[in-house]
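**Student:** I am attaching a structure below and will ask some questions about it afterwards.
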Number of protein chains: 2
Amino acid sequence: MPVNEGAELVEVLRGGAVESVHRGHVAVWGPGGMIAGWGDPEAVIFPRSSCKMIQALPLIESGAADAARLTPEHLALACASHQGARIHTDRVTDWLDDLGLTDSDFRCGPQTPADKPARNALIRAHAAPCQVHNNCSGKHAGFLTLNRQLGGDADYVEIDHPVQRAVRAATEEVCEAESPYYGIDGCSAPNFAMRLDALAMAMAGFASAEGRSGARAAAQVRLVQAMMAHPELVAGVTRACTELMRAMPGRAAIKTGAEGVFFGILPERQVGFALKITDGTTRAAESVAAALLVALGVLEAEHPLAKKRLDPVLKNWRGIEVGAIRPVEALRASL
Amino acid sequence: MPVNEGAELVEVLRGGAVESVHRGHVAVWGPGGMIAGWGDPEAVIFPRSSCKMIQALPLIESGAADAARLTPEHLALACASHQGARIHTDRVTDWLDDLGLTDSDFRCGPQTPADKPARNALIRAHAAPCQVHNNCSGKHAGFLTLNRQLGGDADYVEIDHPVQRAVRAATEEVCEAESPYYGIDGCSAPNFAMRLDALAMAMAGFASAEGRSGARAAAQVRLVQAMMAHPELVAGVTRACTELMRAMPGRAAIKTGAEGVFFGILPERQVGFALKITDGTTRAAESVAAALLVALGVLEAEHPLAKKRLDPVLKNWRGIEVGAIRPVEALRASL
């Protein structure tokens, strides 16, 4: 079943009245199976950038990460949708340099950085963005590192390339299901469609990896620890992933994706969640993710960085409060 | 009834599979009443910027527009959500100057222009945007012009100010209904909630104004003619309102609004429409508006500027085609 209407999850208010609504699907998975769901947890979705920690598994499991002496900072960038700030692009440029490669070896495409200082510096220099500014350049540096180990050709985003075959295998293994189809992501890499509940189960697998042995579990632990240790590298200051991880240090690794996707990994609960807003809206995905993290007991609802996503106040161009975004009541009960 | 789920109106595809969906409400009104509807045409919505031609009625009917010698360009700007390009801000600045007022007399708030050359010029000059850059500055110049006629105080966006009382009266008259509540818009002006079908009927009233006599009809004709004569002032190059009006010159006046609202006025059919995407997404509102204009026979589906909104191709950062946006089949039958 592809994406369908789903359950009402978020209301957008203006002057106290509902102006817009967001619907979606949620699956929360624990040690004993699914512990909560809204909408259709069996809906097949494109996980988009929320699955970058899955896409990074072959980088570690192949031995490529250790051969290239990657640090937790590199691993956090491999799982990142970053803003293209200097803290991101400087590190990714150094990483490329260590590999003996250049910006033209990327296949992610150039993207204007979301980080305002970086964007303004380009505009003032009358310069065009490079591929390193692409929000996925850390993931692609990981792909290039893996490719050196696997000996594939330069077109590492092709569906039959050894890098993407390894990514597909890892995805299907952690989800315990075949991907029924794929699409091409914004960064040109294949993105493998999967049932939402299988993705939530995969996130629970990352969350419970410390209790398991083997190369897969060890890789999962390293990626989760890297994301939690470097929230500023996973997204950027002012972004939801970074701010929410800073509000609950060491308690969860979370990752946004385009078109209203959000995943969470909660090691202390051995719980994972996956959600998809059916209209693809980020403001709703962030609000539902914050509500789930509060409901699961790892995020304090009153923390200022939590309130900013959970119950954001909408202000207008004069700074006047005109409305609010609210997850529905059903998302506020403890899980 | 406030906004609820509505009917499925638009699909967003990736790799041939549905990735996201948009739902909403549509009302199409003709000389004999409602001629088509989807979702709940009785839903109460905030019309946001789509109702600027209603908000501009008192400017003309009061005699203020003629007293200030406003041209069709001024009237198009009064109905505009412009991009803050030089063609907009130069004209609004001159208008303010003609009134003997300055940027600080505005109450719309400063907004970074969406027009890239204007935005980049500000960034290179290390300058902050002014209120004249606000997409609603033309509407506010109209409010200030009306205020000079009415003799109100400086806070012309207050709910009980003579300017806003006149706007409310015009809104309720053309919709033949009381507004049940209001919210504060992005530009700080009140925005009066109204049933969607009443708003579609109001747009049909603008569309059929040439056949009626009286001050109201004359004002409606002037505003519709001004919008159709100056599509570049109503929004800006690359924007849907401008491009679609250029693709069907003289055949319709159309206007987008925040949170997924879109209105259309078709004088040759004496038809008006109003639509609301319940999740507030502009890409879907534009696609449905283009489909309705084709279905109503005023827009050629094969015109490049029509195809761009009706069936847009989604490309990624490397320019590779990765998906598409499609109005549902039900929106493609002739009306």
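The values are calculated or read from the model by the stated rules, or taken from the named source; none is laboratory data. Not measured: the values here are computed from a predicted model. Heads up, the Cβs are rebuilt from the backbone with ideal geometry, glycines too, and the neighbour counts pull from every protein chain shown. Quick note on the areas: whole protein, heavy atoms, side chains included, nothing else; ligands and nucleic acids left out. Shrake-Rupley method; radii C 1.70, N 1.55, O 1.52, S 1.80 Å.
**Student:** What are the residues of the range B:302-335 that lose 40 Å² or more of accessible area, with a 1.4 Å probe, going from their chain alone to all protein chains?
**Tutor:** B:ASN316, B:TRP317, B:ARG318
**Student:** Sequence gap at least 6, Cα distance under 8 Å: using those rules, report the relative contact order of the range B:1-142 to the nearest whole percent.
**Tutor:** About 20 percent, as a whole number.
**Student:** While we're on this one: Placing the label point 7 Å from Cα along the Cα-to-Cβ direction, what are the distances from A:VAL313 to the equivalent spots in the other copies, shortest first, in nm to one decimal?
**Tutor:** Going from nearest to farthest copy, the values are 4.6 nm.
**Student:** For a test of the definition: using alpha carbon positions, the gyration tensor, and the 1.5 limit on a/c, classify the protein assembly as shown as rounded, prolate or oblate.
**Tutor:** Note, shape of the protein assembly as shown comes out prolate.
**Student:** Kindly point out which whole DSSP H helices in chain A project their C-alpha atoms 30 angstrom or further along the helix axis while averaging a Kyte-Doolittle hydropathy of 0.5 or above.
**Tutor:** none
**Student:** Quote the FRET efficiency, to the nearest 0.05, computed for B:ALA218 versus B:ALA333 with a Förster distance R0 of 56 Å and r equal to the Cβ-Cβ distance.
**Tutor:** About 0.95, to the nearest 0.05.
**Student:** List the residues, sorted by chain then number, that are 5 or more residues from B:VAL322 or on another chain and whose placed amide H is less than 5 Å from its amide H.
**Tutor:** Close amide H contacts, sequence-distant or interchain: B:LEU314, B:LYS315, B:ASN316.
**Student:** Same structure again: Students often get this wrong: which residues of the range B:34-68 have the backbone nitrogen under 18 Å from the point 7 angstrom along Cα-to-C-beta of B:ARG148?
**Tutor:** Residues passing the 18 Å test: B:56-68.
**Student:** Further question on the same structure: Order these peptides, A:26-34, B:113-121, by their mean beta-carbon neighbour count within 10 angstrom, highest first.
**Tutor:** A:26-34, B:113-121
**Student:** Continuing with this model, one more query. Using the basic label-point model (7 angstrom from Cα toward the beta carbon), what is the A:ARG69 to A:ASP103 distance in nanometres?
**Tutor:** Taking the simple label geometry, A:ARG69 and A:ASP103 are separated by 2.6 nm.
**Student:** Determine the shape class of the range A:277-335: with a ≥ b ≥ c the square roots of the Cα gyration tensor eigenvalues, call it rounded for a/c under 1.5, and otherwise prolate if a/b is greater than b/c, oblate otherwise.
**Tutor:** It is oblate, given that a/c is not under 1.5 and a/b is not larger than b/c.
**Student:** Could you do me a favour and compute the accessible area per residue for the protein assembly as shown, 1.4 Å probe, result in Å²?
**Tutor:** 35 Å²
**Student:** I'd like the mean, over residues of B:271-281, of how many other protein chain beta carbons sit within 10 Å of each residue's own Cβ.
**Tutor:** Other-chain Cβ atoms within 10 Å of each residue's Cβ, averaged: 4.
**Student:** Testing the spin-label approximation: label points 7 Å from Cα along Cα→Cβ at A:ARG165 and A:ARG124. State their distance in nm.
**Tutor:** Result: 4.9 nm between the two label points.
**Student:** On a 31 Å Cα-Cα criterion, which of the cross-link pairs B:LYS116/B:LYS276; A:LYS308/B:LYS308; A:LYS52/B:LYS255; A:LYS255/B:LYS139; A:LYS308/B:LYS307; A:LYS307/B:LYS307 come out too long?
**Tutor:** Violating the 31 Å Cα-Cα cut-off are A:LYS308/B:LYS308; A:LYS52/B:LYS255; A:LYS255/B:LYS139; A:LYS308/B:LYS307; A:LYS307/B:LYS307.
**Student:** Let me ask you something else. Which parts of the range B:169-184, residue by residue, lose 20 Å² or more of accessible area when the rest of the protein chains are there, as against the chain isolated (1.4 Å probe)?
**Tutor:** When all protein chains are present, B:TYR181, B:ILE184 each give up 20 Å² or more of accessible surface.
**Student:** Enter the mean number of other protein chain beta carbons within 10 Å of the beta carbon of each residue in A:22-29, as an integer.
**Tutor:** Counting other chains' Cβ atoms within 10 Å and averaging over A:22-29 gives 1.
**Student:** Would you mind listing the distances between the A:ARG212 label point and the same position in each other copy? Use 7 Å along Cα-to-C-beta, nm, one decimal, shortest first.
**Tutor:** Listed shortest first, these distances are 6.9 nm.
**Student:** Report the accessible surface area buried between chains A and B, summing both sides, using a 1.4 Å probe on protein heavy atoms only, in Å² rounded to the nearest 100.
**Tutor:** Looking at A and B, the buried total is near 3900 Å².
**Student:** Answer rounded, prolate or oblate for chain B, using the Cα gyration tensor with square roots of eigenvalues a ≥ b ≥ c: rounded when a/c is under 1.5, else prolate when a/b is larger than b/c, else oblate.
**Tutor:** Oblate, since a/c reaches 1.5 and b/c is not below a/b.
**Student:** Could you let me know the centre-to-centre spacing of the range A:62-93 and the range A:199-244, using Cα atoms, in angstrom?
**Tutor:** 14 Å
**Student:** Separate question: Compute the distance in nm between two label points, each set 7 Å from the Cα along the Cα-to-Cβ direction, one at A:ARG246 and one at B:GLU178.
**Tutor:** Computed distance between label sites A:ARG246 and B:GLU178 equals 4.9 nm.
**Student:** With no other cysteine's Cβ closer than 4.7 Å, which Cys residues of chain B count as lacking a disulfide-compatible partner?
**Tutor:** Cysteines lacking a close Cβ partner in chain B: B:CYS51, B:CYS79, B:CYS130, B:CYS175, B:CYS241.
**Student:** Follow-up question, since we're still on this one. Amide H neighbours of A:LEU299 under 5 Å, at least 5 residues apart or on other chains, H built in the peptide plane: list them.
**Tutor:** Distant-sequence amide H within range of A:LEU299: A:VAL294.
**Student:** Hey, with R₀ at 22 Å, roughly what FRET efficiency would A:LYS307 and B:THR282 work out to, going by the Cβ-Cβ distance, to 0.05?
**Tutor:** 0.20
**Student:** May I pose another question? Considering only A:MET248, A:GLN164, A:LEU305, whose Cα is most displaced toward the positive end of the charge dipole of the range A:7-332, charges sitting on Cβ of Lys, Arg (+1) and Asp, Glu (-1)?
**Tutor:** In the range A:7-332, that residue is A:LEU305.
**Student:** Select the chain B residue whose beta carbon lies nearest to the rotation axis carrying chain B onto chain A, and write the distance in whole Å.
**Tutor:** Rotation axis B onto A, closest Cβ, rounded to whole Å: B:ASP279, 2.
**Student:** Measure off, as a whole percent, the carbon and sulfur share of the 1.4 Å-probe accessible area of the range B:7-332, all protein chains present.
**Tutor:** Looking at the range B:7-332 in its full context, I get 50 percent from C and S.
**Student:** Which value at 222 nm does the protein assembly as shown reach when only helices count, each DSSP H run of 4 or more adding -39,500 (n - 2.57), with the total divided by all residues and rounded to the nearest 500 deg cm²/dmol?
**Tutor:** -11000 deg cm²/dmol
**Student:** Just counting partner chain Cβ atoms within 10 Å, what average do the residues of peptide B:11-18 show around their Cβ?
**Tutor:** The per-residue average across the peptide is 6.
**Student:** Based on the mean of other Cβ atoms within 10 Å per residue, sort peptides A:261-267, B:321-327 so the most packed one is first.
**Tutor:** Most protected by this proxy first, the peptides run A:261-267, B:321-327.
**Student:** Only four residue types carry charge here, +1 at the Cβ of Lys and Arg and -1 at the Cβ of Asp and Glu. Report the dipole size of chain B about the Cα centre in Debye, rounded to the nearest 20.
**Tutor:** 860 debye
**Student:** Within the range A:176-194, whose backbone N sits under 13 Å from a point 7 Å along Cα→Cβ of B:ILE320?
**Tutor:** A:182-192
**Student:** Output, in nm with one decimal and in ascending order, the distances from the A:ARG165 label point to the matching label points of the other copies (7 Å from Cα along Cα-to-Cβ).
**Tutor:** Output for A:ARG165: 7.8 nm, nearest copy listed first.
**Student:** Over chain B, what relative contact order in percent results from Cα pairs under 8 Å that are six or more residues apart?
**Tutor:** Once normalised by length, the contact order is 23 percent.
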